[in-house]
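Working notes, structure below.
Please treat every number below as a calculation from the coordinates, not as lab data. Since the structure is predicted, the reported quantities are computational estimates derived from the model, not experimental observations. When we count neighbours, we look across all protein chains shown, and the Cβ atoms used for this are built from the backbone with ideal geometry, even at glycine.
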Amino acid sequence: MISEELQREATELAEEITRDAVGYFEKAIERAGIVLSGDLKNSFEYEIIQTAGRLSVAGVIHFKGYGRFKDMRVLTYALMPPIETMEDFVEKVGLEKFAYVPGYSSIDVSNIKNAAKRVAWAVAMSRKRVPTVRRKSRSAWYNSTKSNFLNVMRGRMLDRAQSIVLRAMKEAAQG
């Protein structure tokens, strides 16, 4: 049976590393320049999972799924995106982030009725007309960040976990 002290140390280590990983990912999103509304960056959460009676701890990180789309070189849209969702996105990001409102020349977009809906429709229709988008990998952030973080944390984790595992083996041998 694993002592509570060992389990606590392993849990603290997993929590520390997982918390650091979340910060690492948030900084990578900023460096990649993919912060529009802040939703992706603010969606990061983590949880620590323990197995009772064992020296087993895991850290799990959750974030909005669309963040992974940035790593994909080819995106194929089978259906037209939902207009309401696109409109919410346009409003959240702000009309000033878009070059123009379809059907209007360069005038103050804040005075145009249904401007957000017009922009949302234009984006949705462009996805319908060109269903496959090929992109350069410059905006990729997840895969490279995950690999870099694992390399950095591997040594730190081994140093800290080594003493925990040795003590657990001693306890198992004595118990």
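Compared with the direct C-alpha span, the chain from Y24 to I48 gains 6.9 nm at full extension, assuming 0.36 nm per residue. Model label sites at V35 and M169, defined 7 Å from Cα along the beta-carbon direction, differ in position by 4.4 nm.
Exceeding 23 Å between C-alpha atoms, which entries from my cross-link table qualify? They are K92/K146; K41/K128; K64/K146; K27/K128; K41/K117.
From the list (K92/K146; K41/K128; K64/K146; K27/K128; K41/K117), the Cα-Cα distance tops 23 Å for K92/K146; K41/K128; K27/K128; K41/K117.
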